[in-house]
Each structure stands twice: as C-alpha cells, then as structure tokens.
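The values are calculated or read from the model by the stated rules, or taken from the named source; none is laboratory data. Keep in mind the model is a prediction, meaning the values are calculated, not measured. In this analysis, Cβ positions are derived from the backbone assuming ideal geometry, glycine residues included, and neighbour counts consider all displayed protein chains.
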Amino acid sequence: MSGKLHLAQALSNRGRRGRKRDFPDAERLVKRLVAQELVLSFVPDPEQRLWRTITRRKLQIRMQNQLESLLEEAHIKLSGFVTDLLGVSARRMLQTLADGETDPAALAALADKRLRATPAQLCDALGACTELNPVYRRLIKMALEELQFLEQQMGQLDQEIANLLRPHEDAVKRLAEVPGLGVDSAQQIIAEVGPTVASFSSDKQLCSWVAVCPGDNETGGVNYSHRSPKGNRQMRRILNQAANAAARTKGSIFEIVYRRQVMRMGHNQAIGVIAHRLCRLIWILLHRKVRYEERGPAVTERSKRVRTLRMIRTLRNLGYRVEPLGNPA
C-alpha cells in the first residue's frame, strides 16, 4: 500500500551529535511529523516537474563549448574576437571554411560590419586555415550539421514549454519585463519555483532555498565562513546570468547597485548582491502578482521601444497573444 511521502529537510531535523541511530531517528521524525514540527523540503508537483524536465533539457543540448574546443585544437582563435561562436558572422565563416576556403582574408570579409573585431584581427585569428588538415574541415562541417539539428530540437522544446505554461502567460510576461531577464529565463524560473511561489511564505525563504545569501557557519560565537550553501543550482545559474545582464542594462537600478558595490566588493560579490535582489524581486512579482516598475534613472524612449518590440516578437513566436497598449509607433 502506498502512502503520502514526506521529504524531511536534513539540516533542520537532525538529532543530537553523537547519538545517530536508525530506529530512534525514525521515531523522532515521526513524533515531529505528528506534532507538526517537521520541517519539510520543497517538492514540486508532477506538472511542475514536467516543466523542469523540458527547461533543463534545453540546457543540456547546447554545444558551444564543444565547438570552441574543436577550433582551439585546430589553432583557430576565433573565440578571442567573436563573442558568440554560434552567431551569424562566426557561423558564416565556419561554414565557408568547412566548404574548402583557405584564404583568411576572404573568410574575414564574411564578418558583419557591426562586428567589433577588425579585419586584421580576424585574419590573425584565422591564420591557421591555410595549413588546416582536411580532417578538421570535416569535423567542423559535422559540428555545424549537428548544431542545426540541435537548434531544431531547441525550437521544439521552446514550443513545448510555451504550450505547457500558456495558463501562466501573465506570470511569464511580468518576469520578462525585469532587466536581465527575458522570456526564456522567465519560463525557467517558473519551472523551478512555480507560477505563484506558493511553497515559500516570504522572499527570505526563497533566497535561502536558492542559496543567494551569505552562509552562517558559526560555532561558539565565532563565524568561520560566510560561504553560501549549495542551494538550487539551476536557479543560481539563472540568477547569476540575469545579474550579469542586469548590471549592464543602461539606466536600470541594478547598474547603479553594481557600480556602487563593485569598487568595494569586487565583481563576483557585486553580482551576488544583484542576484539576491533579483531573487527577492521574483518572489514579489509572482506572489503578489504585480508588475515591475523601474526605479533607476530615466531610460531613453528608444531603448524602451527596442526592448519592448524584441520581447513582443519573442512571445508571438512562442504562440502567445500580445497586443501592445498605447501608440503602436
């Protein structure tokens, strides 16, 4: 016969030191459960676990690191001058290289005009193409074909998670408005914590569960370490990426916080401060069902319009119905 599973939190329900035995521990846990004193861990429902499966699968099939490792082995230092190896310019150059082109100048001429790297720098990075072994050309071609197949799978996963989160479309839109976040990261956050964060009664509990707060390893009144615990790795990855993007968003409050803290704390700890603020903000937006209001300096109307149009286009590609308010221009 099956019963209800209660997953107890190990740290909050541990027994006295030096008295660990299986049967007394089980009896103590049952007594705490009956007395409603047992601290339980967060276990999402089956529907939310399905959301997690899809969003985490999207992370597993990315192959930018494998492609960069292959190019480094072939002595092609393209990643030093091109930010995104999977972008339009880099992919155009790699496809032409795989088709048999050996002239670095001809390959550098395929780069987009908006690329920051100069033609001389690209020629220097692609200098090994003149003596490139044909085996590397075939391997690069196979990697590009695999990349195209994986992009098709990514599109299918995007559509799957969009269909599953269609009842929570408003929550996705509210999170996507936050600087540093977007539609994809908003979907991942909802898949990890739920559309209303109902399992966490406060923003402090959510920050503690994610572990975007300092640790407290204290014994005898002496604190030996402030290192953060492990927490939820998926949420910490999303928040750290969003914090780096928010710190570079011109005119946002997160840019001000980053500049204020980075001189005193360094880059990593300043990003941790922004991640902590983002985590508390996520709880407020989802739990209280309110919209984000920018408290930083005034952002230019052009940047607002560009970001709004980009977000509307992304939502419409996923099948959401979005109607802009006010003047369409």
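Within region 137-166, the set of residues being under 17 Å from GLN64 (Cα atoms), in contact (Cβ under 8 Å) with a residue 24 or more places away in the chain and of a type in the set (A, V, I, L, M, F, W, C) comprises LEU139, ILE140, ALA143, LEU144, LEU147, LEU150, MET154.
Consider region 26-64 and keep the residues that are among the basic types (Lys, Arg) and in a helix (DSSP H, G or I). The one that is modelled with the lowest pLDDT is LYS58. On the given criteria, is SER185 surrounded by 13 or more Cβ atoms within 10 Å (Cβ to Cβ) and without any contact (Cβ under 8 Å) to a residue 24 or more places away in the chain? Criteria not met by SER185.
Each row is one residue, and each column tells you yes or no for (1) surrounded by fewer than 11 Cβ atoms within 10 Å (Cβ to Cβ); (2) within 30 Å of the chain's Cα centre (by Cα); (3) not charged (D, E, K, R).
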position	(1), (2), (3)
LEU110	no, no, yes
ALA117	no, yes, yes
CYS123	no, no, yes
PRO134	yes, no, yes
ARG137	no, no, no
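Would you confirm, using the coordinates I've provided, whether ASP99 is loosely packed, with under 12 Cβ neighbours inside 10 Å, closer than 26 Å to GLU160 by Cα and among the charged types (D, E, K, R)? When the stated conditions are applied, ASP99 does not pass them. Need the failing condition index for HIS287 against (1) under 24 Å from ARG52 (Cα atoms); (2) out of contact with any helix residue (DSSP H, G or I) (no Cβ under 9 Å at 6 or more places or on another chain); (3) of a type outside the set (A, V, I, L, M, F, W, C), just the number. Exception for HIS287: condition (2).
Of the helices (runs of 4 or more DSSP H) lying entirely inside region 82-186, those carrying at least 1 residues that are among the small types (Gly, Ala, Ser) and closer than 30 Å to GLU255 by Cα are 88-98, 169-176.
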